[in-house]
Amino acid sequence: MKEQIITTENATKYYNKGKANEVLAVSGVSIDIVRGDFAVLKGPSGSGKTTLLSLIGCMTRPTSGSISVEGRDTSHLPERFLTDIRRKTFGFIFQQFHLIQGMSVLQNVMIPLYPTDISLAVLGRRAEVILENLGMSKRRNFPVQGLSGGEQQRTAIARALVNDPDIILADEPTAHLDTALSKEFMSLMKEFRDKGKTIIIASHDPIVFENENIDLIVEMRDGEVKNFTKHG
């Protein structure tokens, strides 16, 4: 039996609770994701999928309920512990890439490894290996603002992988990519899943949730899980 790597129990998230602009973003969500799953949180804008992804990735806390990562309840941990979990457990791929302008590809990829007691030489070698695997070695010293959309995406993926995370989280990663690049992204994610990574993507893109390699689809609407489909 596969190990559960993410468990949410009645997870609920309010923004501005008790105020006139109160928003219930996630309402009573209970799901299990096992190690090695290629999962999609599916739903339209405002469905709660990005908030749920943030809860899973310890980027925000639930208002009530619990989130467990690799068997550890993260819901009430001090921020310093959450920071450590984020750095060691997760790789994040954002919709807008969030690359730092004025810095090279290599410098951007190394950012998640700071601060650390590992030498710069070792960090550089680790980043170089990942860039080579993604076909970006020749661009390693190139400023990120001069990259194509596909190259920016690969740089963002390399940055997400440089800490060798167990879980890769991606929020609408194909939103600014054409069809060919979106399919390439999904192929890359399959490769990482096949190497043992757990992949969780929040998306409303059919190229993502209709992909044949998806193991699990969590369909959300109005902050609630409406359907839970397991393949394979």
Taking every other residue with Cβ under 13 Å from the Cβ of HIS204 and scoring Lys and Arg +1, Asp and Glu -1, one gets -2
Proximal lysines relative to LYS19, as straight alpha-carbon distance under 24 Å, when same-chain residues fewer than 8 apart are discounted
LYS49
Over the residues of the stretch 15-65, compute the C-alpha Rg and express it relative to 2.2 N^0.38 Å.
1.26
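Among residues other than ASN108 whose Cβ falls under 15 Å from its Cβ, what is the net charge (Lys/Arg +1, Asp/Glu -1)?
Working: positive: ARG126, ARG139, ARG140, ARG154, ARG159; negative: GLU128, GLU151.
The answer is +3.
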Which of ILE31, ILE67, ILE93 fluctuates most in a GNM of the chain (C-alpha springs under 10 Å)? That residue is ILE31
In a Gaussian network model over the chain where Cα atoms closer than 10 Å are linked, find which of ASN163, ASN16, ASN213 has the largest mean-square fluctuation.
ASN16
Which angle between 0 and 90 degrees, to the nearest 10, do you get for helix 179-194 versus the longest principal axis of the chain when only C-alpha atoms count?
80
Quick one: angle between helix 149-161 and the longest Cα principal axis of the chain, in degrees between 0 and 90, rounded to 10, please.
70
Quick shape check on the stretch 77-209: root eigenvalues a ≥ b ≥ c of the Cα gyration tensor, a/c under 1.5 is rounded, otherwise prolate if a/b tops b/c, else oblate, and it reads oblate
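Report the chymotrypsin sites (Phe, Trp or Tyr not before Pro) located in the stretch 137-226 that are in a DSSP loop and have at most 10 other Cβ atoms inside 10 Å of their Cβ, or state none. Display every interim value, and only then the final one.
Details: sites: PHE185, PHE192, PHE209; in loops: none.
Of the chymotrypsin sites (Phe, Trp or Tyr not before Pro), not one in the loops of the stretch 137-226 has a Cβ with at most 10 other Cβ atoms within 10 Å.
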Specify the residue with the greatest mean-square fluctuation among GLY102, GLY28, GLY43, computed from a Gaussian network of the chain linking alpha-carbon atoms under 10 Å apart.
GLY102
Quick one: helix 79-89 against the long Cα principal axis of the chain, what's the angle to the nearest 10°, folded into 0 to 90?
60
Could you work out Rg/(2.2 N^0.38 Å) for the stretch 4-230, with Rg from alpha carbons only?
1.01
The pairs in LYS183/LYS226; LYS88/LYS197; LYS13/LYS230; LYS190/LYS230 lying past 21 Å Cα-Cα in this model are LYS183/LYS226; LYS13/LYS230
Around ILE5, what is the net charge, scoring Lys/Arg as +1 and Asp/Glu as -1 over all other residues with Cβ under 10 Å from its Cβ?
-3
Can you figure out the FRET efficiency of TYR15 with ILE207, using R₀ = 30 Å and their beta-carbon distance, to the nearest 0.05?
0.50
List the longest stretch of the chain that has no exposed loop site; here a site is one of the GluC sites (Glu not before Pro) assigned by DSSP to anything other than H, G, I, E or B, with at most 13 other Cβ within 10 Å.
23-209
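So, with +1 on the Cβ of K and R and -1 on the Cβ of D and E, and no other charges, what is the size of the charge dipole of the chain about its Cα centre, to the nearest 20 debye?
On the way: 28 positive and 28 negative charges, 93 e Å.
Using only the charged Cβ atoms, the result is roughly 440 debye.
Here, each number is a calculation from the coordinates, and none is a lab measurement. Predicted model only: the values in this text are computed from it and were never measured. Here Cβ is always computed from backbone atoms with ideal geometry, including for glycine, and neighbour counts include all displayed protein chains.
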